[in-house]
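Asks: Here it is, the structure, as structure tokens.
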Amino acid sequence: MTMPSLKEKIRDKRPLLGGFIFSSDSNISELYAEAGYDFVIIDTEHALNDLRIVQTHVRACAAAGIHALVRLGAANYADGSRLLDAGVEGLMIPHLGHDVRANNVVQSMKYWPEGSRATCTGVQIAGYGQRDFAQAVAQSNQNVVAVGLVEDQACVERIEQVLEENPVDWIMPGPADLASSYGLHGQLTHPTIQDAVSRIIVAAQVRQIKVGVYVNELSEIETWKSRQIDFFVHAIDYKILGRALRAAALDFQRRVLS
């Protein structure tokens, strides 16, 4: 049985749960699948993951039945179409509307006439030349997910224009970078940053773009229930592991000292 696409899933089951993967170990992707997450975002912006590492994650996700997205970094925007060729279901694009290269990624994600994606019939999504390529093109154009990260003050101030010029499927505010762009480093809950996040969400929802938010702790979801959020990105694998290990160490100390 073919797994429904991520676009189908977000339409039929809301909200979805995902998480960032910084680890190079593809077993982590399988763990997220076993735990019941809907998707993972393999990071190449801040994590030291190259194309080969991403490929191992994508294959693990396909085998385990979880959707794989990749967050691009400025150094590898040009790799977007190759990642899609290799079976990545979508790309998360940082600094949407701020970096012209980021804007070009959106156009390169779909084949003509919807975009300018480069064509090769011998790649994974086309069965390495063994499938009907026209069918593979149609399926990819229908299913590929463009996720825009809005992370800059200048883009918030013209968010309507940014969304009109960059036809993404999903949008997510990047509060950490937003705070830095406002000169409020680390102050993610500052009223100015919260107002910026709200403006992004409203602009996206008016245009029927799916909206997601990043949460460090799942308890934060309670504050978003009235906002009709479509997907949540729960922290980073290293942060979750770090918290679990710290909790275990503290529990150990309590037990041996009691």
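Every read-out reported here was derived from the displayed coordinates using simple, explicitly stated rules and does not represent laboratory data. A quick note: this is a predicted structure, and the numbers were derived from the prediction, not measured. Backbone-built Cβ (ideal geometry, glycine too); neighbour counts: all protein chains shown.
Asks: Label-point separation (nm) for Gln161 and Thr189, each offset 7 Å from Cα along Cα-to-Cβ?
Replies: 3.4
Asks: Let me ask something additional. Let me make sure I get this right: for the stretch 1-133, a, b and c are the square roots of the gyration tensor eigenvalues over alpha carbons, sorted descending. Under 1.5 in a/c it's rounded, otherwise prolate if a/b > b/c, else oblate. Which is it?
Replies: Cα axes put the stretch 1-133 in the rounded bin.
Asks: How would the stretch 143-243 be classified by its alpha-carbon gyration tensor: rounded, prolate or oblate, with rounded meaning a/c under 1.5 and the a/b versus b/c comparison settling the rest?
Replies: Because a/c hits 1.5 or more and a/b fails to exceed b/c, the stretch 143-243 counts as oblate.
Asks: Using a Gaussian network model on the chain with a 10 Å cutoff between Cα atoms, which of Arg71, Arg131, Arg59 fluctuates the most?
Replies: Evaluated over the chain, the most mobile residue of the options is Arg131.
Asks: What dipole magnitude, in Debye to the nearest 20, does the stretch 1-62 give about its Cα centre under +1 on Lys/Arg Cβ and -1 on Asp/Glu Cβ?
Replies: So the magnitude is around 300 debye.
Asks: Using the eigenvalues of the Cα gyration tensor, what equivalent ellipsoid semi-axes result for the stretch 29-78 when each is taken as the square root of five times the eigenvalue, whole Å, largest first?
Replies: 21, 10, 8
Asks: Using the Cα gyration tensor of the stretch 13-52, with a ≥ b ≥ c the square roots of its eigenvalues, what is the shape: rounded (a/c below 1.5), prolate (a/b larger than b/c) or oblate (neither)?
Replies: It comes out oblate by the Cα gyration axes.
Asks: For the stretch 222-258 and the stretch 1-57, what is the separation of their Cα centres, given in Å?
Replies: 19
Asks: Report, largest value first, the span of the C-alpha coordinates of the chain along each principal axis, in whole Å.
Replies: Here the Cα extents, ordered largest to smallest, are 66, 43, 35 Å.
Asks: Within 10 Å of each residue's Cβ, count the other Cβ atoms and sort Phe252, Phe231 from fewest upward.
Replies: Ranked by crowding around the Cβ, least crowded first: Phe252, Phe231.
Asks: Of the cross-linked pairs Lys13/Lys210; Lys7/Lys225; Lys110/Lys225; Lys9/Lys210; Lys7/Lys239; Lys7/Lys110, which ones have a Cα-Cα span greater than 24 Å in the structure shown? Walk me through the numbers before you get to the answer.
Replies: On the way: Lys13/Lys210 12 Å; Lys7/Lys225 21 Å; Lys110/Lys225 33 Å; Lys9/Lys210 12 Å; Lys7/Lys239 28 Å; Lys7/Lys110 15 Å.
Violating the 24 Å Cα-Cα cut-off are Lys110/Lys225; Lys7/Lys239.
Asks: Another question, then. Identify, among Trp112, Ile171, Leu51, the residue whose Cα sits farthest towards the positive end of the charge dipole of the stretch 47-182, taking +1 on the Cβ of Lys and Arg and -1 on the Cβ of Asp and Glu, with the dipole about the Cα centre.
Replies: Comparing the listed Cα positions along the dipole, Leu51 ranks first.
Asks: Can you put Asp79, Asp99, Asp12, Asp132 in order, fewest other beta carbons within 10 Å first? Walk me through the numbers before you get to the answer.
Replies: Working: Asp79 21, Asp99 17, Asp12 8, Asp132 12.
Ranking Asp79, Asp99, Asp12, Asp132 by Cβ neighbours within 10 Å, fewest first, gives Asp12, Asp132, Asp99, Asp79.
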